[in-house]
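For reference, the structure is listed below as structure tokens.
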Amino acid sequence: MIRENSEVILSIQDLSAEVDGNPILKGLTLEIKAGEVHAIMGPNGSGKSTLSKILAGHPAYTVTSGSVTFHGKNLLEMEAEERAKSGIFLAFQYPLEIPGVSNLDFLRVAYNAKRKHEGLEELDAFDFDELVQAKLELLKMNPSFLSRSVNEGFSGGEKKRNEILQMALLEPKLAILDEIDSGLDIDALKVVSSGVNALTTPDNAVLLITHYQRLLNYIEPDYVHVMEAGRILTTGSKELAHELEARGYDWVRDEEVEAIAR
Amino acid sequence: MTAAIQNLVNQPYKYGFVTNIESDTIPKGLSEDVIRLISAKKEEPEWMLEFRLRAYRQWLKMTEPTWQNATYPAIDYQDIIYYSAPKVTEKKKSLDEVDPELLDTFEKLGIPLSEQKRLTNVAVDAIFDSVSVATTFKEKLAEQGVIFCSISEAIREYPDLVRKYLGSVVPVADNYFAALNSAVFSDGSFVYIPKGTRCPMELSTYFRINNGETGQFERTLIVADEGSHVSYLEGCTAPMYDTNQLHAAVVELVTLDNAEIKYSTVQNWYAGDKEGKGGIYNFVTKRGLCQGVNSKISWTQVETGSAITWKYPSCVLVGDNSVGEFYSVALTNHYQQADTGTKMVHIGKNTKSTIVSKGISAGKSKNSYRGLVKFGPKAEGARNYSQCDSMLIGDTAQANTFPYIQVQNNTGKVEHEASTSKIGEDQLFYFQQRGISLEDAVSMMISGFCKDVFNQLPMEFAVEADRLLSLKLEGSVG
């Protein structure tokens, strides 16, 4: 929801970054305010996933110039763990499998790390169990999920639901959902989308990264950005996504070239 | 990220201190005279001296094994002290008479021996260099007929029992290091559980090497008579020295009909420094004989220390329906080398064995599982299940698995499963992205990996082992 006087949650200015010496982001600028849902679309290799990992603080990427401010603080100076506890959540495109660590333990430790960060008392196993059961219902997840090892042997759809379950528990200020729709059948897509919609409030924001317009039928964006070669080519409303679906990314590229030529 | 992890998990070896105590030490070197001297100091009967000399003469004819997956410079057996004991070695009736310096040492190691502080449900035999300095709860155990004392004392007090079983599981010439041990062993623990008795408390021996030039050669013998049950724990630490020290122990277990021994080890000998300098050579022969029908021997080991570990706690399943188990976690870091595993030798009918081995390798270490499963011609209906999992931390460590299977009859069933996993940057990032610290991430993954083994440890040890592993992974992730 776009509101004029909302607080700016995330401000990215002219950001460039590389991995193993290869430049991936080349001067990207983006601002996200509270209550807004942004979608970034773009062809493979345009740098969408890289952007999400840089925002979350993945150590493999090096920022070469530009700035990122999160709630007025310099995000780039914060460790990944700090960013998470301050309210940045990344739903992974490929959630990692952690054999031997139960999902319930993982969720509880993550949840309590955040409580501790906020100066709140940690929840004991019983209170946490109550809390997590309620969140499971939201995502129509079977409680047996909790006793299994984190993502181990989960289907693609189960992994994605597990990501949203974590989001539901951690209540982030900014949720970055990296291809949350990939590998989902239509029923799972509906469950995941309604879960995300139920979690959006006027105080937080969502950044969707996707290839396909389909997801945006379920989670309606306020802005659609088209990314290519490490920067944002153009920004529009959700209609832009429909146009992309119909005409492909080349169309945006050509428009852009024309615009520069004029 | 690497630096952050280093700071988080960088814990120095906290048992590396040296106790300043006057010792009665035999000069370096090994000969028949030295063996006679050790035997004389311990006031041993003639048969014991003969046992030692027989072993020594065999040892002279043997050569050091080289097949293990570990490399180290040749050991000079003449440059080792074979006997070192704190002065005033006679054992005191009351612990209050034990040298306060020694009590203090064990207290620092977390093994309080004095009446007020000691653990209420664990009886401890404390061994310092070559001798046992104290054994707690002896009288209480004696009420049930349980014998728990140093092996030296047992040789004097219970010669018939010792003579019957010593060397019956691990013969004097079994292997190079066992032969050496049989010749020069200085102390260790002896346990006898009488018929039909369930030992009322955990028994444990704590081994401490103090002297920098001393080898420790301890000998443990546990006999569980018909229908009895005992759980025994062993812990080990040593000071930090730049030189390598030899620890060559022999442990023999015997179970008669329907008896059970559960033997747990948490081994934390000094492992050497980050560059691989110093540390203990832990060359140990441990073997259990399930002599009686329906008897059971279960080994659980958590191996985190030592520069080199060479040990294969084994079970010889002679009695029909007897059961052998081996649960192991071996963690190596820096330049540590571990070649460890088990042998399950099935001789009787319907014998069963289970092997669960978890190897964790970090730094530039080498970690090998080596195991033999053998079904003899008469082991009808024998079964074995083996699971060998390796976890690699970082890119420079090695994990190897060498399973040997020999089956001499066609009624048995052998299952073997193996896996290799890795704690990588992406997994750690996943934890951190959920606000979980590196320290917690590593410790959750390690405990998860080791869960099947830790579940086998007595409670106090399980918690300790869990903590120990996290601490050991000093700067190894990232």
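The values are calculated or read from the model by the stated rules, or taken from the named source; none is laboratory data. These numbers were taken from a predicted model, which means no experiment stands behind them. Don't worry about glycine lacking a Cβ; one is built from the backbone with ideal geometry, like all the others, and counts go over all protein chains shown.
Can you confirm whether the stretch A:144-152 contains a residue that is of a type in the set (Lys, Arg), within 14 Å of chain B (Cβ to nearest Cβ) and assigned to a helix (DSSP H, G or I)? Among the residues of the stretch A:144-152, not one is of a type in the set (Lys, Arg), within 14 Å of chain B (Cβ to nearest Cβ) and assigned to a helix (DSSP H, G or I), which makes the answer no. Scan the stretch A:183-206 residue by residue and report those that are surrounded by fewer than 16 Cβ atoms within 10 Å (Cβ to Cβ) and either more than 16 Å from residue A:39 (Cα to Cα) or touching a Gly at 6+ places or on another chain (Cβ under 9 Å) (or both). Selection gives A:183, A:185, A:186, A:187, A:190, A:198, A:201, A:202, A:203. Residues that are among the small types (Gly, Ala, Ser), at pLDDT below 95 and farther than 20 Å from residue B:197 by Cβ: list the strands (runs of 3 or more DSSP E) wholly contained in the stretch B:77-179 that include at least 2 such residues. Qualifying strands (runs of 3 or more DSSP E): B:84-86, B:131-135. Residues that are touching an Asp or Glu at 6+ places or on another chain (Cβ under 8 Å), at pLDDT below 85, facing chain A (nearest Cβ under 10 Å) and surrounded by fewer than 23 Cβ atoms within 10 Å (Cβ to Cβ) do not occur anywhere in the stretch B:460-471. Which residues, counting only those in the stretch B:410-430, are more than 26 Å from the chain's Cα centre (by Cα), within 22 Å of residue B:347 (Cα to Cα) and either among the basic types (Lys, Arg) or surrounded by 15 or more Cβ atoms within 10 Å (Cβ to Cβ) (or both)? Listed by number, the residues that qualify are B:412, B:413, B:414.
Checking each residue in the stretch B:173-199 for being under 19 Å from residue B:153 (Cβ atoms) and crowded, with 24+ Cβ neighbours inside 10 Å picks out B:181, B:182, B:184, B:185, B:186, B:187, B:188, B:189, B:190, B:191, B:193. Number of residues in the stretch A:1-30 that are under 24 Å from residue A:198 (Cα atoms) and part of a strand (DSSP E or B): the value is 3. The criterion of at least 3 residues that are modelled with pLDDT of 95 or more and more than 12 Å from chain B (Cβ to nearest Cβ) is met, among strands (runs of 3 or more DSSP E) falling completely within the stretch A:31-139, by A:37-41, A:61-70.
Residues in the stretch B:414-458 that are more than 8 Å from chain A (Cβ to nearest Cβ), touching a residue at least 24 places away in the same chain (Cβ under 8 Å) and assigned to a loop (DSSP other than H, G, I, E, B): 3 in all. Taking the condition of a type outside the set (Val, Ile, Thr), over 19 Å from the mean Cα position of the chain (by Cα) and not in a loop (DSSP other than H, G, I, E, B), does residue B:374 pass? Yes; evaluated as a whole, the condition is true for this residue. Please verify whether the stretch A:222-241 includes one or more residues that are within 23 Å of residue B:436 (Cβ to Cβ), part of a helix (DSSP H, G or I) and out of contact with any Leu (no Cβ under 8 Å at 6 or more places or on another chain). Looking through the stretch A:222-241, none of the residues is within 23 Å of residue B:436 (Cβ to Cβ), part of a helix (DSSP H, G or I) and out of contact with any Leu (no Cβ under 8 Å at 6 or more places or on another chain). Just one of the numbered conditions (1) under 20 Å from residue B:187 (Cβ atoms); (2) modelled with pLDDT of 90 or more; (3) assigned to a loop (DSSP other than H, G, I, E, B) is not true of residue B:27: (2).
Within the stretch B:42-68, being touching a residue at least 12 places away in the same chain (Cβ under 8 Å) and either in contact with a Lys or Arg (Cβ under 6 Å, 6 or more places away or on another chain) or assigned to a helix (DSSP H, G or I) (or both) holds for B:47, B:48, B:49, B:51, B:52, B:53, B:54, B:55, B:56, B:58, B:59.
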